[in-house]
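Q: This is the structure I want to talk about, given as structure tokens.
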Amino acid sequence: MISVESLCVEFSVRPLFRDASFVVNDRDRIALVGKNGAGKSTLLKILCGQQQPTSGVVSIPRDTTIGYLPQVMVLADDTTVREEAQKAFADVARLKARVDRLQQQMAERTDYESPEYMALVERFTQEHERYLMAGAENQEAELERTLTGLGFERTDFNRPTREFSGGWRMRIELAKILLQRPDVLLLDEPTNHLDIESIQWLEQFLSQSASAVVLVSHDRAFINNVSNRTLEISCGRIIDYKVRYDEYVTLRRERREQQLRAYENQQKEIADMRAFIDRFRYQATKAVQVQQKIRQLEKIVPVEVDDVDTAAMHLKFPPCLRSGDYPVICDEVSKSYGHLVFDHVNLTIKRGEKVAFVGKNGEGKSTLVKCIMGEIPFDGQLKIGHNVQIGYFAQNQAQMLDETLTVFQTIDNVAKGEVRLKINDILGAFMFGGEASDKKVKVLSGGERSRLAMIRLLLEPVNLLILDEPTNHLDMASKDVLKEAIRAFDGTAIIVSHDREFLDGLVTKVYEFGGGRVREHLGGIYDFLRSRQISELNQLGASLGVNKDFPRSEQTVPSEGTKSFPEGNTKNPAVKAQSYAEHKEQQKRLRKAERQVEESERKIGDMERRLKELDQLLMKPENASNMEFVTEYTTTKEALDREVERWEQLSEELERLNSE
């Protein structure tokens, strides 16, 4: 579809990348990876024709269509959501006009036997077939399916786009691109403005799409679920790995180890040659051998080693005063903006806890954060604990930086006291050392801006971190370091994020926002996701989902780490009427049912983990025909399906016993 040959891009003395050649084939799902500033967004702009390379050729067949979603775009505000999305069908509308025009010409003519009329019929047939192939008959259903998949309600379709935030308007642009069904999709950080549910819908859409996809994303789970090929931009070169992201990480490590061994052997050989030359250079009897060694040395082609960015973001939150035992307590907190955002919010966050706020966009996560910060009024009681000092990182903080300043000036303007003497050290720790500190903010990539905004957060000691989408635009290495720093943080952390991989192993409690309510789930992010997809437990190994209808129900489905059974039977009048023996027998049956459900859940978890291991093994070419693995995969999958059915029966029995 797209052929790239000898591509070179230069913005300064050092090329961004050079002599890059690769081909985007039909149904390729390519993850474009590299550190921030490596040139990923620039390459996408070149592929879609928005930017020209310094040299090289990008060949695209004339009939190939390309859909491009940039990180930032200027959005129109003069239409409704439906009208804006329908712009995706502009080509179909023009095609229909041609079909109607040809049909009218056929109706007006009477020379049915003439060659001209037959040519007109042939042209009409071709255009009508193209019209039907474009899916014109189902475009309204396709529009609704795409918009709802990306998180819009049907009541939103006729609302003006100006009523929506920038993130939601970016979803409209994404919907338009998907509805156009281009041959090649170029997506630059599409998940930055999506919630977990919409990300999972997009994963499924891209996996089933007939389009080729070139994708830039720092959501590791997302690109691993979507990609089947990885292009890495590293040290000015583009390296092609024919595997998905997880396997690429392993192959890249192995490749570099091999290169290092070859490099070390070559350096030893060169050192031996030079030692021989230096030792016998002036001995006439060794003159011939010395000249041979010199010629051999000149012919050696140096072994190249993939450069690894050894600069790392070393995050360390400064020490701070110990806060009270309960930094945040909400008691019947409510907030509305003409419409209800949330109501009757009751939560208590203990000192040292790391908690996540999750839910669809617009359900009130950032609103509750603003209530905690004291930025907006609310109803109810919200108590901030003793000695609490808050550090806040907002979603749009990177965009709020002054573009006319340099990196150094940006930090110098907010630094106070002795910290000003350490600005260069801090910038170096965040990969802004040397000449990078003199860069203007306006030339920084999205990830570099996010790192710069993060530095501002670290200038003052805090004991309560509130991070609103902190990983947007951060590359994977930076996200890993930030994650470890939060883990090691002595204080309390509230993290608003849609990044499953980032939250996994970081938080121990999840607060779910939806339907005007906030529900507490004990356990990590994947424990929470299991509870929301309980009816499709056998699909957890593939794509975890979120039940869109959960706000309609007040019952929280129990999961590992979450016990939300009805209140104790001692409060039930029927139980009080039971004899002691009957009550004891009832409790015995209840405990047995709970053990059976827990045992079934454990078996399901073990089988899912084994299926995932087998899936990874079968993805390797050398195991593709290994019948032992194939047979084990089939039998394990069948056993899993049976165990899920058994689990459903046990859960129904447990629910019945709890209701008695």
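The values are calculated or read from the model by the stated rules, or taken from the named source; none is laboratory data. Note that the structure is predicted; figures quoted are calculated from it, not measured. Quick reminder, even Gly has a Cβ in these numbers, built from the backbone with ideal geometry, and neighbours come from all protein chains shown. Surface accessibility is based on the protein's heavy atoms, side chains included, excluding ligands, DNA and RNA. Shrake-Rupley method; radii C 1.70, N 1.55, O 1.52, S 1.80 Å.
Q: Quick check for you: with a 1.4 Å probe and neighbouring chains kept, what is the accessible area per residue of region 605-649, in Å²? Please report the intermediate quantities before stating the final value.
A: Working: 3030 Å² over 45 residues.
So region 605-649 comes to 67 Å² accessible per residue, rounded to a whole number.
Q: Same structure, new question: So if we plug the beta-carbon distance of Asp412 and Glu83 into 1/(1 + (r/R0)^6) with R0 = 41 Å, what FRET efficiency do we get, rounded to 0.05? Kindly include the intermediate steps, with their values, before the conclusion.
A: On the way: r = 47 Å, r/R0 = 1.16.
Calculated transfer efficiency: 0.30.
Q: Where does each of 351-363, 232-244, 186-198, 99-111 land if you order them by average Cβ count within 10 Å, highest first? Please list the in-between numbers first.
A: On the way: 351-363: 21.2, 232-244: 17.9, 186-198: 23.5, 99-111: 12.2.
In decreasing order of mean packing, 351-363, 232-244, 186-198, 99-111 become 186-198, 351-363, 232-244, 99-111.
Q: I've got another one for you. Quote to one decimal, in nm, the extra length available between Cys8 and Ala90 on full extension: 0.36 nm per residue of separation minus the C-alpha distance between them. Could the numbers behind the result be given before it?
A: Numbers: separation 82, 0.36 × 82 = 29.52 nm, distance 3.52 nm.
Contour length minus the Cα-Cα distance gives 26.0 nm.
Q: Here is a follow-up. Using the Cα gyration tensor of region 158-233, with a ≥ b ≥ c the square roots of its eigenvalues, what is the shape: rounded (a/c below 1.5), prolate (a/b larger than b/c) or oblate (neither)?
A: Values: a/c = 2.02, a/b = 1.58, b/c = 1.28.
Taking the square roots of the gyration eigenvalues as a ≥ b ≥ c, region 158-233 is prolate.
Q: Once R0 is set to 30 Å, what does the formula 1/(1 + (r/R0)^6) return for the Cβ-Cβ distance between Arg295 and Arg256, expressed as a FRET efficiency to the nearest 0.05? Spell out each step's value before the answer.
A: Numbers: r = 31 Å, r/R0 = 1.03.
E between Arg295 and Arg256, to the nearest 0.05, is 0.45.
Q: On to the next question. Could you work out how much longer the chain between Arg487 and Asp63 gets when fully extended? Use 0.36 nm per residue separation minus the Cα distance between them, nm to one decimal. Intermediate results must be reported in sequence, preceding the final value.
A: Values: separation 424, 0.36 × 424 = 152.64 nm, distance 5.11 nm.
Fully extending the segment from Arg487 to Asp63 adds 147.5 nm.
Q: So if each residue of separation counts as 0.36 nm, and I subtract the Cα-Cα distance between Phe205 and Met373, what length gain in nm does that give?
A: Details: separation 168, 0.36 × 168 = 60.48 nm, distance 3.79 nm.
Contour length minus Cα-Cα distance gives 56.7 nm.
Q: Okay, moving on. In Å², and per residue, what accessible area does region 119-257 have when probed at 1.4 Å with the other protein chains present?
A: Heavy-atom accessible area per residue stands at 40 Å².
Q: Taking Lys96 as the anchor, which lysines have their alpha carbon closer than 18 Å to its alpha carbon, excluding any fewer than eight residues away along the same chain?
A: Lys87
Q: Hey, another quick one. Give me the percent relative contact order of region 206-267, please, defined on Cα pairs under 8 angstrom at least 6 residues apart.
A: Numbers: 40 pairs, mean separation 13.3, N = 62.
Once divided by the residue count of region 206-267, the mean separation gives 22 percent.
Q: Here's something else I'd like to know. I need the calculated FRET efficiency for the pair Glu613 and Thr155, taking r as the beta carbon distance and R₀ as 35 Å, to the nearest 0.05. Intermediate values should be presented prior to the final figure.
A: Working: r = 45 Å, r/R0 = 1.27.
After rounding, the FRET efficiency stands at 0.20.
Q: Right, something else. Are there trypsin sites (Lys or Arg not before Pro) in region 430-528 that DSSP marks as loop and that have at most 15 other Cβ atoms within 10 Å, and which are they? Each step should come with its number before you reach the end.
A: On the way: sites: Lys439, Lys440, Lys442, Arg449, Arg451, Arg456, Lys479, Lys483, Arg487, Arg500, Lys509, Arg517, Arg519; in loops: Lys439.
Of the trypsin sites (Lys or Arg not before Pro), not one in the loops of region 430-528 has a Cβ with at most 15 other Cβ atoms within 10 Å.
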